[in-house]
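Single-structure report; data block below.
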């Protein structure tokens, strides 16, 4: 898949290498095939062609993957329109990134090697900083962007909303745990799986910082912490999908930077 309608696909491949984490991200904001990761001594690759014949038969797109498949496959979903391959070492983080990329319409591969023997903080923070950097890079020229987006998403008893402005002014207000939970008879958990609740909020703050976006996300209510978090990430995905749409030539805003300043 070479393009997204009349526009070229928006892709980025980045590496973030610190003393605490090694992270690689390959992102397509418009789905389709991903670009390969750079060669890295931190990630000895398994050849994508080593997938079993049964896998290739059942999922033919696997035979064309440029991204190696991880041994842990929970957050792997390969279709003709999206490639999602996530392995951060933190299961619930993979789950949230899977929901985000699926409903935002992205193709996304992330792999991380972090200091999880300490805790999940550095890995989570750096994954979101790397993802935000890839997002900012992939957007490229801001012309024709819708720019603003809102998303609402329920998950059973939980309900969240998100609003994003691709503003080039990093700012965030994230509230996943202080909504109308008292009336629902629940309290904030320390963790969901191996991901602390506080890091879910900080991760989104880190994404907004690196992506250069203004971001507001709130869970209004919900008894179940898993549901609260997942509804928030899905709401964010819907908001992003709207905001990154591009107006075609001839439509109001097509070819323009949607700002009174003329720049974003």
query: Does residue 222 qualify as being surrounded by fewer than 24 Cβ atoms within 10 Å (Cβ to Cβ) and in contact with a helix residue (DSSP H, G or I) (Cβ under 9 Å, 6 or more places away or on another chain)?
result: no
- line: Condition set touching a helix residue (DSSP H, G or I) at 6+ places or on another chain (Cβ under 7 Å) and surrounded by 24 or more Cβ atoms within 10 Å (Cβ to Cβ), scope the stretch 108-123, selection nearest to residue 199 (Cα to Cα): answer is 112
- request: Considering every residue within the stretch 157-180, establish whether at least one is assigned to a helix (DSSP H, G or I) and buried (at least 19 other Cβ atoms within 10 Å of the Cβ).
  value: no
message: So residue 246 ticks every box in (1) in contact with a helix residue (DSSP H, G or I) (Cβ under 9 Å, 6 or more places away or on another chain); (2) surrounded by 18 or more Cβ atoms within 10 Å (Cβ to Cβ) but one. Which box is left unticked?
response: (1)
field: Residue check for residue 131: surrounded by 15 or more Cβ atoms within 10 Å (Cβ to Cβ), assigned to a strand (DSSP E or B) and touching a residue at least 40 places away in the same chain (Cβ under 8 Å)
entry: no
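None of the figures in this text is laboratory data; all of them are computed from the coordinates on show. Remember, predicted model here, so these are calculated numbers, not experimental data. Because the Cβ atoms are built from the backbone with ideal geometry, glycine has one as well, and the counts that use them run over all protein chains shown.
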